[in-house]
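Q: I have a structure I would like to understand better, so I am pasting it below and will then ask my questions one at a time.
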């Protein structure tokens, strides 16, 4: 039952994401990134894990540039042995396309970062619950598995239309501390 509900929500939100016009996406993405930059938990973090946007996720390029200018340590995930590992990135040009379809650090020239070295993680999702901070991802469990070992601050970044009143969740689903959209910052949860 839960799996069917998640599948339906995932399908609906992926369809909405695919229908987002490029001009509207730029405006909303800029707004979401600016909302995040206002969050004190974000400003206070020294080491931040970002993601490379995949299939209409909110891009993180403006966040990356702000962090670089603020001399924050940045890392991005890559998938190895069915889990996320994080590597230090100094320039966006260091990200390479992967078999999964998103940009990831070249692990040969990058320094790996342990989860306890990361203060704050910015996390994509297909849908978020705006009351509890629960997240619906793409269904592979990579972030949930990683977040179960992460004690830092978790921030979900999405468009306002990706929020739902209630999201079915299971014991292994990992909630966010905040969810940030172009309109608002929800949390702390």
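Since every read-out is calculated from the coordinates, none of them should be taken as a lab result. Just so you know, these numbers come straight off a predicted model, no measurement behind them. Note that each Cβ is placed from the backbone with ideal geometry, even for glycine, and that neighbours are counted across all protein chains shown.
Q: Taking N as the number of residues in region 125-166, what value does Rg over Cα atoms divided by 2.2 N^0.38 Å take?
A: 1.16
Q: Separate question: Spin-label point model (7 Å from Cα, Cβ direction): what's the residue 20 to residue 160 distance in nm?
A: 1.4 nm
Q: Sort 130, 158 by Cβ crowding within 10 Å, fewest neighbours at the top.
A: Starting with the residue having the fewest Cβ neighbours, the order is 130, 158.
Q: Restricting to Cα pairs below 8 Å that are 6+ residues apart, what does the relative contact order work out to for the chain? Please round to a whole percent.
A: Computed value for the chain: 24 percent relative contact order.
Q: Between residue 80 and residue 138, 0.36 nm times their residue separation minus their Cα-Cα distance comes to what?
A: Going from the current span to full extension adds 19.2 nm.
Q: How much length is gained if the chain between residue 98 and residue 171 is pulled fully straight, taking 0.36 nm per residue apart and subtracting their Cα-Cα distance, in nm to one decimal?
A: 23.3 nm
Q: Report, in degrees rounded to the nearest 10, the 0 to 90 angle that the Cα long axis of helix 22-38 makes with the longest principal axis of the chain.
A: Here the helix axis deviates by roughly 70 degrees.
Q: Next question. Report the Cα centroid-to-centroid distance between region 157-177 and region 10-36 in angstrom, as an integer.
A: Region 157-177 and region 10-36 have Cα centres separated by 16 Å.
Q: Show that you can apply the helix-only estimate: for the chain, add -39,500 (n - 2.57) for every DSSP H stretch of four or more residues, divide by all residues, and state [θ] at 222 nm to the nearest 500.
A: Computed mean residue ellipticity for the chain: -8500 deg cm²/dmol.
Q: Scaled to the compact-protein estimate 2.2 N^0.38 Å, what is the alpha-carbon radius of gyration of region 2-43, rounded to two decimal places?
A: The value comes to 1.60.
Q: Taking N as the number of residues in region 78-140, what value does Rg over Cα atoms divided by 2.2 N^0.38 Å take?
A: 1.28
Q: Sticking with this one: With springs connecting C-alpha atoms under 10 Å apart, model the chain as a Gaussian network and identify which of 40, 114, 81 has the largest mean-square fluctuation.
A: Fluctuation is largest for 81.
Q: Roughly what % antiparallel, to the nearest 5, for the DSSP beta bridges in the chain?
A: 50 percent
Q: Could you check which residue among 108, 20, 132 shows the biggest mean-square fluctuation in a GNM of the chain with a 10 Å Cα cutoff?
A: 108
Q: Give, as ranges by residue number, the residues of region 157-189 whose backbone N falls under 20 Å from the point 7 Å along Cα→Cβ of residue 27.
A: In region 157-189, the label zone of residue 27 (backbone N under 20 Å from the point 7 Å along Cα→Cβ) covers 158-163, 181-185.
Q: Relative to the longest principal axis of the C-alpha atoms of the chain, give the angle of the C-alpha long axis of helix 2-18, reported between 0 and 90° and rounded to the nearest 10°.
A: 70 degrees
Q: Same structure, new question: Within 10 Å of each residue's Cβ, count the other Cβ atoms and sort 65, 117 from fewest upward.
A: Ordered by Cβ neighbours within 10 Å, fewest first: 65, 117.
Q: Find the eigenvalues of the gyration tensor of the Cα atoms of region 2-186, then list the square roots of 5 times those eigenvalues as equivalent ellipsoid semi-axes, largest first, in whole angstrom.
A: The answer is 23, 19, 17 Å, longest axis first.
Q: Per residue and in cubic angstrom, what volume does the convex hull of the Cα atoms of region 19-96 have?
A: 113 Å³
Q: Okay, next question. How do 98, 146 line up, fewest other C-beta atoms within 10 Å first?
A: Ordered from fewest to most neighbouring Cβ atoms within 10 Å, 98, 146 come out as 98, 146.
Q: Most fluctuating residue of 77, 97, 124 in a GNM of the chain with Cα springs under 10 Å: which is it?
A: 97
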